[in-house]
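The values are calculated or read from the model by the stated rules, or taken from the named source; none is laboratory data. Just so it is clear, the model here is predicted, and its values are computed rather than measured. For neighbour counting, all protein chains shown are included, and Cβ atoms are generated from backbone atoms with ideal geometry for every residue, glycine included.
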Amino acid sequence: MRRILPVLFTVAGLSAAAQNSEDEFYRIDTFPDRGLKLEIGALTKLGDGSILLGTRTGDVFFAEGAYEDDPEKVSYRKYARGLAQPLGFLEHEGWVYTAQRGELTRMRDSDGDGKADEFITVCDDWEISGNYHEYNFGPRMDKDGKMWVTLNKPFGGQPYGRAHWRGWAVRIDPRTGRMEPMCTGLRSPAGVEASPDGEIFYTDNQGEWCNASKLSHLAKGEFHGHPHGLPSKELAGSPFDQIPSPKSGTYMKDLHETIPQWKMPAVWFPYNKMGKSPSGMCWDTSGGGFGPFAGQLFVADQHHAWVMRVFLEKVEGHWQGACFRFREGFQCGIIRVAFGKDASMFVGMSNAGWGGRGNKGWGFQRLRWTGKLPFEVHSMKVQKGGFLLTFTKPVDMAAAGRVENYAMKSYTYKLESRYGGPEADTQPVSIKSAEVLEEGRAVRLTLDGMRAGYVHELVMSNLIARDGAKLLHPEAYYTLVKIPR
Amino acid sequence: MVPAFDLLHGDPEGKAAAGELLLGELNCLSCHEQQGDTPVVATKRAPDLSAVGARVTPGYLRRFLSENHEVKPGTTMPDLFHGTAAGDRQAEVESLVHFLVSQGGGIQSSGRGGSARLVERGRDLYHSVGCVSCHEPEMPIEGPGASAIPLGELAAKTTVDHLTAFLLDPLKIRRSGRMPRLWLSENEAHALAVYLLRDQLKNQSGLKTKAEPGVRWEYFEAPLGDRLPDFETLTATKRGTHGTITFNMGFQKRRQDFAMRWRAILKVPKDGKWTFFTVSDDGSQVLLNGEPVVDSDGVHTRKEVSGSVELKAGEHELDVRYFQKTDSAIFGVGWQGPDVPKQRIPSWNLFLPRGNPMSPVGHETMVIDQQKVAGGAKIFVNRGCASCHSLPGRESSPGANPFADLVPDRGCLSANVPANAPDYNLSQVQRSALKEALALREERREPLTAGQIVQKHLASFNCYACHQRGGLGGPDDSRRGFFGTKMEIDLGEEGKIPPNLDTAGSKFRKEALERILYHGEMHVRGRFMSTRMPGFGKENLEPLVAAFLEADARPDDARAVEFNYGSARDGQALVGTGGLVCITCHNVGGRQAVGIPGIDLAEMQQRLTPGWFVRFLHNPQAFNRDTRMPAFWPGGVASFKKIAGGDTNRQVEGIWNYLSLGKSMPPPPGIAEEGGTGSELKPLLEPVVHRTFMTDVGPRAIVAGFPERVHVAFDANVTRLAKTWRGRFFDSSGVASGRSDKFFSPLGTDIYNFPAGPAFAFLETPAAPWPSVGRTDRDVGGEFQGYRLTSNGEPVFQYQLGGCFIQEQPKPVLQPGGAVLQRHFKLRAGKDFARKGLTFIAATGQAIEKRDDGSWAVDKKVSLWIEGNQEMQPSVREGSGGLELMVPLSLAPGDQLEFNIRIKW
């Protein structure tokens, strides 16, 4: 008994410390809701820096005073009302574009009274059957100036019959309103985002035919796993001539053998370890104002009410990378995150009928860097024969050089018709060497048994910075699709 | 016994009038014929005897025919056999009894029984709804005016079933309306019948029928408030029995505004503390032996509420109630007690409630003797019964002296009635009044004045028991105490005692008088008085309505107040806080007044004439000494100066203009909105435009609600205006709560559906069928292009069909009688517009008719006006599902066309 008790205390102490530590580096400010049902589904920064919020019930507000240090100074000014579940805003040429249930709409205030008075239907070529799960996300503009919208598939009854283009990503020319169907196989694509250079990525929620939550890059003519949208391939505008239906039980890494259009994800989010329902995301465009992760991607989770961090790199023409925990403890499942003009991240929340962490049904919060540098893995790059880890601070060379301070295993997933799926074909990956480089800024791990098509889960215990700081989040999950030759 | 006789007779001028009243109430002229005008305007016919044998016991008939003045002292039925020798008399009566019993073939025992609780409930009703205005209260009263219409030996006469049916509609049997309808519900009539026949219970105490397992349920559809309704006053839409308390019976078609009630005998297995639970959305209650145990009343989301009570093992009365207003409908009930874990109440503890059996006192069944029936039939005709009682195929010839030849003190009018004349058991005073009436026979051959006709009606129907007119009548002191209020509100005498009728024909519009006198409107609307305004039957009171109008109407009553929007807005401000605060004592369109919930402002304009209203506002006390309505314009000078320039006429007309909006009245400042869940959309100050899933419209509905309480739904999939309705707007919780998956219907009333297909189409030939629309079809009516909001926040929908750009603006337009919906269309043909045959469909229906005023009547639901900036040529044609009102449009490239469709309910 004597030996067990201290261990228990240590574990409890660690977890408490981890929470405190996140708080030390990134502070959550909570805005009062002023009695409004702020179930936020859309959140964006307009060109003048103002923050626009959209709620599930279709209200659109400006969050005025959202940059004040004291969050209590916020007030909400109504801009529009009565939209059908807007789940994304994008400002373009003086209009705010939004994907509603049934259409892509642009709205503006034409008479300058502060309220939108024109709601123009840009495109309503996709259909809805009246099923609750037919959410639409976006739009986001790609490098060609086209607007991408991802279309959720229905789940359950469809009162007005089967609707076309559900489970697709489409893009729309904002000038003509023409819809160009791009990809299918999407399940519940709750986040769609354009990278700073106009590449389009989306997040998908695990379930049937999407057996692990993921982040994927989108390009025309691809298939992402869920067969629901396949019947629409027969319609005019479909990019597919021929596309086979997936067979349940195939390893996703092998799917391209039977389905040439199959696209592997950029990042898998292993179930529960990295949330359950990835949603909105945003690139760190703060140029360092938000801390050490400029250029990286933050992905929110609607179940875990937290924000994760993703490092992406393009390898052999494929976007892939690693995900890390970043900041937990928001008051409700997160739908949208967006950077403001001052390098703070605005976070919009709604549980919208789903369970999740947090004690509120909705919320509007703000995340700010305290200015203290956390000790974190900054990047995890794949190299021939291993990974190169970089850190936000110089490491303690002795600790970082010991291979026993690293543990790695790899696993993958099958594409299956059942809901969710386990980690499959798990094997340990042995660390042959840990080489400290660049005066402690980087560590090169040489491995035995790297496998393409597998998540490589790395746990770094006992790693400390030169200044004695513990590694804030010692786990990293790299989705290795391509190994450099 | 003729109640108003004493009243008229007491008037120095009224002796002849009292006699004339008797001539009508005793139906003298059916034997003593009179040609031309008579002083009798409303004759009381005797009860209809068809099927009398099925509802009255032979024993009662026998006793009543033998000695009617003893059995029912004060009856207006004369004794026909007073001069017949005892033996013959008995034989004749026996034959008549057999004949009458053969009409209907004998009385069956009653399916329904009674209980002490029902007696109590019936007693309350008897003494509150107005019965005792004519009949005697249970505790006899004394003093002048204490006389009452006798009930006779009811307990020996009939059964609970028959008396219940009679009370529900007395005019079926007593057509002359002296016994009026009191607008009782089925439950109320049953309770009242049990009370009136309570002696039948005494005889058979201890006798109980075997308990049958089950639950008695009732289902009600009615507009509901925010609390459980008063079930006793409602008549069930459906009722039946079931094995257990089940909410989901499969027939609740509507999602809101319904209520259910389950009653059973609960067999409790053990003494102890029993806890009952309900889980409900919205309100529910559990009563045991009449006492509430669980109270979860009110509009709320899913909520579990429990309550406990000590119960002895054995039978207890269980009464479970539920109502659904908005949002989801959820209901469940359970219990927990000694050795019984929390669970639904098992069916083996539930038994059908049944009262103790009740049957007529002293009743013995009788074998009908056909020979006696034949003899009785002859007597019925020869004795003159058929002069007063209608019975198909039986008519008595008058045979008596004509009215003009009648001699006072002879025949029926003798102090000792001769054997050949019927004995009415008249008093000396009655005989002298009749004599007076006979003396004036010649003078009174002149047509009566309207005032006289009114007075005679008020006397015949005993309106004077409750109402005063011209200083005559009104409740006397012995009965005043029976007039009360339904709830604890202090409205003084005004809230208890029915109003005086001094200016009735000037005050009320003709249609309002008709609604009140024939259809029980005051009962339906009267929220305060416990006494009900009964229904006397249209055929009985038609002359009264005409006479009221002729006697009282003043030339300026119906003067046209020109409707003016600004003036109505003044009126709105005046009635609210910041004005005269009329809303302290007046409800507004169903919303509670701030103080005492008095007469609803939205209902006044339907009833009152404008002229009377203006005079009343100037000096309310002149019309009703006891009124609590303040005089805001004493001496014609406005006491409140801020609105309408302090001008009396402008203020009063403003209020009238505002009242003329009726149901669609936008609420005045300060009034509380009606209840409902937080997700109910309420367009209070500006329109509300909201996208939603909607029943019958689809997943892309856009609803627009207006403060004028007229609303529309647009379908962006088919591209058409789909619905319009009035009253409350829309509950957004279908897509604003849970997982946003519910389709809801409008909350309001008067829902009118526009044609199911597109609003516009190109027809190759005028006879080509209108495009039909399937559930998943889209863009049939054009390509939806969105909407913009005007500076007032009203939506203008935009769509494009074959190169024609269409804008439709639906909006309410205020006008007297309530807001109407105006659909304003603006069409612009593009440069490349080449298609022919553009047609608009204004309405579909089973009956579409053009009226003289240029409007189109559609299915008696709405009237429609079509007006355009070019000549519109609407026409009706046969369509696939009925008639179609088509409007062909001609447009060349670049042309613009505007037109309006106005829709009035």
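From B:Gly470, B:Gly411, grab the single residue that is in contact with an Asp or Glu (Cβ under 9 Å, 6 or more places away or on another chain) and at pLDDT 85 or above. Give the steps one after another, and end with the answer.
On the way: B:Gly411 fails: in contact with an Asp or Glu (Cβ under 9 Å, 6 or more places away or on another chain).
Within the list B:Gly470, B:Gly411, the selection yields B:Gly470.
I'm trying to understand the selection: among the residues of region B:754-799, which are at pLDDT 95 or above and among the polar types (S, T, N, Q)?
Residues satisfying the conditions are B:Gln785, B:Thr790, B:Gln798.
Does region A:451-485 hold any residues that are assigned to a loop (DSSP other than H, G, I, E, B) and more than 26 Å from the chain's Cα centre (by Cα), and which are they?
So the first thing to find is which residues in region A:451-485 are assigned to a loop (DSSP other than H, G, I, E, B), and the list is A:451-453, A:461-463, A:466-469, A:471-474, A:481-485.
Residues satisfying the conditions are A:Ser461, A:Asn462, A:Leu463, A:Arg466, A:Asp467, A:Gly468, A:Ala469, A:Arg485.
Can you tell me which residue is nearest to B:Gly786 (Cα to Cα) among those in region A:59-85 that are in contact (Cβ under 8 Å) with a residue 40 or more places away in the chain and of a type in the set (Phe, Trp, Tyr)? Outline the logic, then answer.
Just the residues of region A:59-85 that are in contact (Cβ under 8 Å) with a residue 40 or more places away in the chain, to begin with: A:60, A:63, A:66-67, A:71-72, A:74-76, A:85.
Imposing the further condition that a residue be of a type in the set (Phe, Trp, Tyr) reduces the set to A:67, A:76.
Details: A:Tyr67: 34, A:Tyr76: 26 Å.
Only one residue fits best here, namely A:Tyr76.
Name the residues in region B:823-840 that are of a type in the set (Gly, Ala, Ser) and within 11 Å of B:Leu801 (Cα to Cα), would you? First the steps, then the outcome.
Taking region B:823-840 and keeping what is of a type in the set (Gly, Ala, Ser), we get B:829-830, B:834, B:837.
Matches in region B:823-840: B:Ala829, B:Gly830.
Looking at region A:425-484, which of its residues are among the hydroxyl-bearing types (Ser, Thr, Tyr) and either free of Cβ contacts under 8 Å to residues at least 24 places away in the same chain or surrounded by 20 or more Cβ atoms within 10 Å (Cβ to Cβ) (or both)?
Taking region A:425-484 and keeping what is among the hydroxyl-bearing types (Ser, Thr, Tyr), we get A:426, A:430, A:433, A:446, A:454, A:461, A:477-479.
The answer is A:Thr426, A:Ser430, A:Tyr454, A:Tyr477, A:Tyr478, A:Thr479.
Taking B:Gly411 as meeting all but one of (1) touching a residue at least 12 places away in the same chain (Cβ under 8 Å); (2) over 35 Å from the mean Cα position of the chain (by Cα); (3) surrounded by fewer than 18 Cβ atoms within 10 Å (Cβ to Cβ), write down the number of the exception.
Condition not satisfied by B:Gly411: (1).
Each row is one residue, and each column tells you yes or no for (1) in contact (Cβ under 8 Å) with a residue 12 or more places away in the chain; (2) in a helix (DSSP H, G or I); (3) touching a Ser or Thr at 6+ places or on another chain (Cβ under 6 Å); (4) assigned by TED's automatic domain parsing to the domain that holds B:Ala465.
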| site | (1), (2), (3), (4) |
| --- | --- |
| B:Gly19 | yes, yes, no, no |
| B:Gly36 | yes, no, no, no |
| B:Val41 | yes, no, no, no |
| B:Arg45 | yes, no, yes, no |
| B:Arg63 | yes, yes, no, no |
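To keep it simple, each residue is scored yes or no on (1) surrounded by fewer than 16 Cβ atoms within 10 Å (Cβ to Cβ); (2) more than 10 Å from chain A (Cβ to nearest Cβ); (3) under 23 Å from B:Arg835 (Cβ atoms).
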| position | (1), (2), (3) |
| --- | --- |
| B:Leu747 | no, yes, no |
| B:Gly757 | no, yes, yes |
| B:Ala761 | no, yes, yes |
| B:Ser772 | yes, yes, yes |
| B:Thr776 | yes, no, no |
| B:Gly782 | no, yes, yes |
| B:Arg788 | no, no, no |
| B:Leu801 | no, yes, yes |
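Looking only at region B:882-894, count every residue that is outside any strand (DSSP E or B) and under 27 Å from B:Ser855 (Cβ atoms) and tell me the total. Working first, answer last.
First pass over region B:882-894, keeping only residues outside any strand (DSSP E or B): B:889-894.
Of the ones still in play, those that are also under 27 Å from B:Ser855 (Cβ atoms) are B:889-891.
Qualifying residue count, region B:882-894: 3.
Scan (1) among the charged types (D, E, K, R); (2) out of contact with any Ser or Thr (no Cβ under 7 Å at 6 or more places or on another chain); (3) farther than 13 Å from A:Thr98 by Cα; (4) crowded, with 20+ Cβ neighbours inside 10 Å for the single condition A:Asp59 breaks and write down its number.
(3)
Any residue in region A:256-282 that is assigned to a helix (DSSP H, G or I) sitting within a Cβ distance under 7 Å of a residue that is buried (at least 18 other Cβ atoms within 10 Å of the Cβ)? List the pairs, counting only those 6 or more apart or interchain.
A:His256/A:Trp262
Considering A:Leu38, A:Leu87, A:Leu53, A:Leu43, which residue is within 12 Å of another protein chain (Cβ to nearest Cβ) and either in contact with a strand residue (DSSP E or B) (Cβ under 9 Å, 6 or more places away or on another chain) or not hydrophobic (A, V, I, L, M, F, W, C) (or both)?
Working: A:Leu38 fails: within 12 Å of another protein chain (Cβ to nearest Cβ); A:Leu53 fails: within 12 Å of another protein chain (Cβ to nearest Cβ); A:Leu43 fails: within 12 Å of another protein chain (Cβ to nearest Cβ).
Selected residue: A:Leu87, the only one of A:Leu38, A:Leu87, A:Leu53, A:Leu43 that is within 12 Å of another protein chain (Cβ to nearest Cβ) and either in contact with a strand residue (DSSP E or B) (Cβ under 9 Å, 6 or more places away or on another chain) or not hydrophobic (A, V, I, L, M, F, W, C) (or both).
Answer with yes or no whether B:Ser733 is at pLDDT below 90 and either within 14 Å of chain A (Cβ to nearest Cβ) or crowded, with 20+ Cβ neighbours inside 10 Å (or both). Steps first, please.
Working: at pLDDT below 90: yes; either within 14 Å of chain A (Cβ to nearest Cβ) or crowded, with 20+ Cβ neighbours inside 10 Å (or both): yes.
So B:Ser733 fits the description; yes.
Which condition number does A:Val347 fail, the rest of (1) of a type outside the set (Lys, Arg); (2) in a strand (DSSP E or B); (3) within 14 Å of another protein chain (Cβ to nearest Cβ) being met?
Of the numbered conditions (1) of a type outside the set (Lys, Arg); (2) in a strand (DSSP E or B); (3) within 14 Å of another protein chain (Cβ to nearest Cβ), the odd one out for A:Val347 is (3).
Which number in (1) modelled with pLDDT under 95; (2) more than 10 Å from chain A (Cβ to nearest Cβ); (3) buried (at least 18 other Cβ atoms within 10 Å of the Cβ) marks the one condition that B:Phe743 misses?
Unmet for B:Phe743, out of (1) modelled with pLDDT under 95; (2) more than 10 Å from chain A (Cβ to nearest Cβ); (3) buried (at least 18 other Cβ atoms within 10 Å of the Cβ): (2).
Considering only residues that are out of contact with any Leu (no Cβ under 6 Å at 6 or more places or on another chain) and at pLDDT below 95, which ones fall in region B:709-718?
Within region B:709-718, B:Arg709, B:Asn717, B:Val718 meet the criteria.
I'd like the residue in region A:98-112 that is over 16 Å from B:Pro699 (Cα atoms), among the charged types (D, E, K, R) and within 32 Å of the chain's Cα centre (by Cα) and, out of all such residues, is nearest to the other protein chains (Cβ to nearest Cβ).
Only one residue tops the list, namely A:Arg106.
Of B:Gly113, B:Gly74, which residue is at pLDDT below 85 and out of contact with any Cys (no Cβ under 8 Å at 6 or more places or on another chain)? Don't jump to the end; show me each part of the working.
Values: B:Gly74 fails: at pLDDT below 85.
Answer to the selection: B:Gly113.
On the given criteria, is A:Lys115 within 12 Å of another protein chain (Cβ to nearest Cβ), modelled with pLDDT of 95 or more and more than 23 Å from B:Glu783 (Cβ to Cβ)?
Values: within 12 Å of another protein chain (Cβ to nearest Cβ): yes; modelled with pLDDT of 95 or more: yes; more than 23 Å from B:Glu783 (Cβ to Cβ): yes.
For A:Lys115, the condition - within 12 Å of another protein chain (Cβ to nearest Cβ), modelled with pLDDT of 95 or more and more than 23 Å from B:Glu783 (Cβ to Cβ) - is met.
So which helices (runs of 4 or more DSSP H) stay within region B:69-184 end to end and still have 1 or more residues that are among the basic types (Lys, Arg), touching a Ser or Thr at 6+ places or on another chain (Cβ under 9 Å) and crowded, with 21+ Cβ neighbours inside 10 Å?
Details: elements: B:86-102, B:116-128, B:154-157, B:160-168.
Answer list for region B:69-184: B:154-157.
Within region A:352-366, take every residue that is more than 14 Å from chain B (Cβ to nearest Cβ) and under 20 Å from A:Cys282 (Cβ atoms) and give me the one that is surrounded by the most Cβ atoms within 10 Å (Cβ to Cβ).
So the first thing to find is which residues in region A:352-366 are more than 14 Å from chain B (Cβ to nearest Cβ), and the list is A:357-360, A:363-366.
The next check asks that each one be under 20 Å from A:Cys282 (Cβ atoms); those that pass are A:358, A:363-366.
Working: A:Gly358: 21, A:Gly363: 24, A:Phe364: 29, A:Gln365: 23, A:Arg366: 21.
Across region A:352-366, the extreme among qualifying residues is A:Phe364.
Go through the residues of region B:260-269 one by one and say whether even a single one is modelled with pLDDT of 90 or more, surrounded by fewer than 21 Cβ atoms within 10 Å (Cβ to Cβ) and out of contact with any strand residue (DSSP E or B) (no Cβ under 7 Å at 6 or more places or on another chain).
yes
For A:Met349, which of the numbered conditions (1) hydrophobic (A, V, I, L, M, F, W, C); (2) touching an Asp or Glu at 6+ places or on another chain (Cβ under 7 Å); (3) surrounded by 21 or more Cβ atoms within 10 Å (Cβ to Cβ) fails to hold?
(2)
Scan region A:126-166 residue by residue and report those that are free of Cβ contacts under 8 Å to residues at least 60 places away in the same chain, part of a loop (DSSP other than H, G, I, E, B) and more than 14 Å from chain B (Cβ to nearest Cβ).
Those that are free of Cβ contacts under 8 Å to residues at least 60 places away in the same chain, part of a loop (DSSP other than H, G, I, E, B) and more than 14 Å from chain B (Cβ to nearest Cβ): A:Asp142, A:Lys143, A:Asp144, A:Gly145, A:Lys146.
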